[in-house]
Amino acid sequence: MTATLMLELRDLGKSFELHHQHGARLNVLSGMNLRLHAGECVVLSGPSGAGKSTLLRVVYANYRPSFGAVHVRHAERWLDLAKATPHEVLDVRRRTLGYVSQFLRVIPRVPTLDIVAEPLLQMGGVSLEQARERAGNLLRRLNVPERLWHLPPGTFSGGEQQRVNIARGLIMPRPILLLDEPTASLDADNRAVVAELLSEARAAGSAVLGIFHDEDMRDRVATRLFPMQALEAA
Amino acid sequence: MSALLQVRGLSRHYGHRIGCEDVSFDLHPGELLCIVGESGSGKSTLLNTVAAQLAPTSGSVRYCQKNGSWLDIGMLNEADRRRLAREEWGFVTQNPRDGLRLNVSAGANVAERLMALGMRNYSQLRGIARNWLERVEIDPSRIDDPPTAFSGGMQQRLQIARTLVTQPRLVFMDEPTAGLDVSVQARILDLLRRLVNELGLAAVMVTHDLAVARLLAARTMVMQGGRVVETGLTDQILDDPQHPYTQLLVSSVLTT
Amino acid sequence: MTYNFAFLDEDTKRMLRRALLKAVAIPGYQVPFGSREMPLPYGWGTGGIQVTAALLGPDDVLKVIDQGADDTTNAVNIRRFFARVAGVATTEHTVDATLIQTRHRIPETSLREDQILVFQVPEPEPLRTLEPREAETRTLHALADYGLMHVKLYEDIAQYGHIATSYDYPVLVDGRYLTSPSPIPKFDNPKMDQSPALMLFGAGREKRLYAIPPYTSVESLAFEDHPFEIQRWEHHCELCGSRESYLDEVVVDDRGSRMFVCSDTDFCSGRRAEAQA
């Protein structure tokens with residue numbers, strides 16, 4: 001039995017028009033095709049400037065594609081994010097599409113535990129206590145000391161913030177996970193924990209699309225590599 | 001999910017001058033929409049026109065009431081407009097002194113909307129007022145102090161309590177954090193974020209501060225010269241701005 | 001020199017009567033009228049005497065009180081004024097009067113259907129201290145949007161532990177219009193409810209008049225857990241011994257001795273006469 005197709009990019013292109021730089025046009029992606037199935041982990045590879053982060057952001061609908069389609073299996077039907085309304089995109093992000101970046105966007109005064117628990121609460125169906133408990137378990141696995149849980153993460157170290165960010169990104173089991181170097185400033189032990197969490201997610205049926213610069217990490221999590229090349233400047 | 005508010009082709013002119021022109025959007029229950037733009041871009045005019053504080057020159061605003069029926073705001077008489085403003089809407093002004101009654105105590109400010117709805121039990125009013133002061137992080141023992149004895153940040157939090165005490169479904173906010181220093185701003189933003197989530201409020205907020213939009217709003221509209229030049233998800237607009245004006249606005253933000 | 005009967009010209013009286021009819025038709029509603037210059041300053045009862053002048057007929061018997069007393073300057077002057085310009089009979093006895101003009105009191109003696117009480121009103125708008133904009137207070141009246149009045153009562157309780165407003169205590173007339181009873185003590189408020197006598201209110205400076213028709217409900221505002229209460233005294237009147245009337249505290253010498261006496265002089269002297277008989 002073949003795995004379920006979760007995400008399909010068709011002839012995807014992205015360019016940026018910079019109105020205040022004399023109308024300069026940057027072509028970053030062109031003619032991209034990619035299929036992602038449940039249970040696999042595709043790692044984007046290529047030199048910096050190849051558009052890997054841009055691709056993830058287009059898939060997350062953080063960037064708007066210039067051409068092509070981003071088909072996502074959402075609630076048992078297909079939706080093209082390039083054409084979806086903002087409310088549809090928000091629903092996809094809430095239920096189907098998770099995105100973990102390198103950086104935690106800190107919300108002033110909100111304690112770590114609640115930042116991690118928030119995606120679960122937004123989904124609804126769990127109590128605050130349950131959500132906090134799950135958040136605590138995840139933070140514990142990621143070796144975030146318990147004394148930090150009730151502090152806002154604004155003053156944490158880079159590595160601690162990144163682990164908080166991963167916990168927040170992974171607390172909700174989502175069918176598709178997008179990871180943009182979430183382990184960049186983690187030590188080997190914590191990278192191993194993240195690798196473990198990802199394989200658990202895959203085993204549970206999530207499809208993962210990510211960027212990992214660290215080769216060791218890449219080898220550990222990838223089921224397939226997707227090579228990318230920088231476009232010639234137009 | 002169906003919309004709570006439908007704005008279609010809304011314009012407001014001041015004589016020959018354009019306040020806002022041909023604005024359309026939907027707002028869903030529980031959603032916070034930010035209107036950003038620089039001074040004079042028409043954001044406050046738009047907010048006041050949508051909130052029925054200004055009469056539109058053309059266009060329509062429709063609102064879905066608690067009981068599920070739609071109201072055409074432009075067709076409402078004064079009595080129904082006020083009832084709506086009292087029972088289902090709220091308005092938070094930039095300067096709390098415009099939204100508060102300065103010559104009566106903090107408790108009376110919070111309780112006023114409840115009394116307008118007919119609540120006539122003093123101890124109950126006191127209890128609710130105390131509870132709301134606590135929710136906006138004002139020491140409840142200051143319930144009998146006048147707002148003039150409060151700092152700017154406290155006054156703004158008091159105005160928020162006064163507005164939200166009747167649990168409105170839709171709140172309009174005009175630069176609620178402008179004019180406050182940064183640490184006070186952060187506290188109010190966090191408070192708003194929490195209350196909006198807890199109460200499932202829908203809100204339209206005017207701000208010139210893109211960081212406020214990013215923190216609070218899932219969707220943002222960018223205005224220039226009275227027109228909406230770009231609209232969409234807040235992170236799309238801030239990370240991948242398309243319109244020249246939005247690009248200018250985003251690139252002008254100081255990053256830390 | 002002769003004056004037109006009751007000082008005002010007939011056109012002005014007609015204008016006033018029309019306004020009064022409208023006021024009676026809409027109990028508690030403030031009717032604007034063309035207030036005239038009167039031969040006494042604003043604040044001395046110009047509204048009241050215009051209403052009185054519009055109502056007086058040759059057969060009327062007029063009584064004028066100020067703070068309950070018939071013998072104070074304001075009362076004496078107004079009574080003399082009408083005796084001169086209308087030639088009507090005057091009295092100090094409440095029961096004999098057909099028309100009573102008053103400032104700050106309602107007589108203790110119950111009024112009858114054939115009597116009219118005319119109040120002098122300095123500020124007809126009960127919401128004015130809370131809302132200075134006239135256009136806004138009119139809208140609030142139009143919409144019966146009176147939550148604001150309770151803000152004031154709330155403030156009273158918050159500051160003093162009870163509703164400390166003791167005069168000009170706001171009332172709701174006929175379940176509809178929020179109305180100022182004029183600066184009478186709240187002790188007199190219950191006398192307005194279902195009163196057999198017609199009550200008319202004139203504010204000369206503010207150019208408003210309003211009415212409470214006979215047998216109209218007049219409700220003093222309050223909270224469920226802080227109901228309306230009237231003043232009570234531990235004393236009784238030192239002259240007539242009354243325990244039911246509104247008492248004035250009077251300083252009687254330079255050593256600060258004081259006594260409590262009825263503010264209604266006619267009521268007090270009537271009781272004393274009865275006691276002697």
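Quick note: the coordinates plus some simple rules give every number you see, no bench work behind them. Remember, predicted model here, so these are calculated numbers, not experimental data. Note that we place each Cβ from the backbone using ideal geometry, even for glycine, and neighbour counts take in every protein chain shown.
General remarks:
- Each residue, A:Ala3 and C:Asp59, gets one label point 7 Å from its Cα in the Cβ direction; the gap between the two is 10.8 nm.
- Put simply, the amide H of B:Leu32, placed in the peptide plane, has neighbours under 5 Å in B:Ala203, B:Ala218, B:Arg219, leaving out anything fewer than 5 places away on its chain.
- Of the GluC sites (Glu not before Pro) found in the stretch B:7-108, those in coil by DSSP whose Cβ has at most 15 other Cβ atoms within 10 Å are B:Glu38.
- The stretch C:204-219 - phi-based ³J(HN,Hα) in whole Hz, Karplus 6.51/-1.76/1.60, Gly and Pro as x: x, 5, 7, 6, 10, 9, 8, 9, 10, x, x, 6, 10, 6, 10, 10
- Rough spin-label spacing in nm, given labels placed 7 Å along Cα→Cβ, for C:Asp11 and C:Ala25: 2.3
- For the stretch C:135-140, backbone phi angles converted through the Karplus equation (6.51, -1.76, 1.60; θ = phi - 60°) give residue-by-residue couplings of 4, 6, 5, 5, 5, 4 Hz, Gly and Pro being listed as x.
- Label-point gap, in nm, between B:Glu137 and C:Arg232 - each point 7 angstrom along Cα→Cβ: 4.8
- The stretch A:80-117 residues near the modelled A:Thr155 label - backbone nitrogen below 20 Å, point 7 Å along Cα→Cβ: A:104-116
- Long-range HN-HN contacts of C:Thr216 with modeled amide H, under 5 Å: C:Gln194, C:Ser195
- Per-pair calculated FRET efficiency, R0 = 51 Å: B:Glu38 and C:Arg255 via Cβ, rounded to 0.05: 0.10
- Average beta-carbon neighbours from other chains, 10 Å sphere, peptide C:144-151: 6
- Across C:Pro213, C:Pro227, C:Pro170, mean-square fluctuation computed from a Gaussian network of chain C (C-alpha pairs under 10 Å connected) peaks at C:Pro227.
- Computed magnitude of the charge dipole of the stretch C:10-220 (debye, nearest 20; Cβ of K, R +1, Cβ of D, E -1): 560
- Charge dipole of chain B about the Cα centre (unit charges at C-beta), most positive-ward option of B:Leu27, B:Gln6, B:Leu164: B:Leu164
- In a simple Cβ point-charge model (Lys, Arg +1; Asp, Glu -1; nothing else charged), chain A has a dipole of about 460 debye relative to its Cα centre.
- Between 0 and 90°, nearest 10: helix B:182-199 axis offset from chain B longest Cα axis: 80
- Centroid-to-centroid separation of the stretch B:126-157 and the stretch B:179-224 [C-alpha atoms, Å]: 21
- Stretchable slack from C:Arg112 to C:Arg128, in nm (0.36 nm times residue separation minus alpha-carbon distance): 2.5 nm
- Taking amide H as placed 1.01 Å from N in the peptide plane, the amide H of A:Ser66 sits under 5 Å from that of A:Gly13, A:Lys14, A:Ser15, each at least 5 places away or on another chain.
- With the charge dipole of the protein assembly as shown set up from +1 on Lys and Arg Cβ and -1 on Asp and Glu Cβ about the Cα centre, the Cα lying farthest toward the positive end among the listed residues C:Ile184, A:Ser53, C:Tyr3 is that of A:Ser53.
- Applying 1/(1 + (r/R0)^6) with R0 = 56 Å to the Cβ-Cβ distance of A:Ala75 and C:Asp174 gives a FRET efficiency near 0.40.
- Positive-end residue, the stretch A:79-224 charge dipole about Cα centroid, Cβ charges, pick of A:Val100, A:Trp149, A:Pro119: A:Pro119
- Around the Cα centre of the stretch C:232-277, unit charges on the Cβ atoms of Lys, Arg, Asp and Glu (plus for the first two, minus for the last two) sum to a dipole of about 120 debye.
- MRE, 222 nm, helices only [DSSP H, n ≥ 4, -39500 (n - 2.57), over chain C, to nearest 500]: -8500 deg cm²/dmol
- Stretched out straight at 0.36 nm per residue, the stretch from B:Arg97 to B:Ser183 would grow longer than its current Cα-Cα span by 28.9 nm.
- Ranking of B:Tyr245, B:Tyr14, A:Tyr60 by count of other Cβ atoms within 10 Å, fewest first: B:Tyr14, B:Tyr245, A:Tyr60
- Within chain A, the longest run free of exposed loop sites, counting trypsin sites (Lys or Arg not before Pro) that sit outside DSSP helix and strand states (H, G, I, E, B) and have at most 13 other Cβ atoms within 10 Å, spans A:106-234.
- ³J(HN,Hα) computed for each position of the stretch B:59-66 - Karplus, 6.51 cos²θ - 1.76 cosθ + 1.60, integer Hz, glycine/proline x: x, 9, 10, 10, 10, 8, 6, 3
- Shown is the FRET efficiency for B:Gln53 and A:His87, computed with R0 = 25 Å from the Cβ-Cβ distance and rounded to the nearest 0.05: 0.40.
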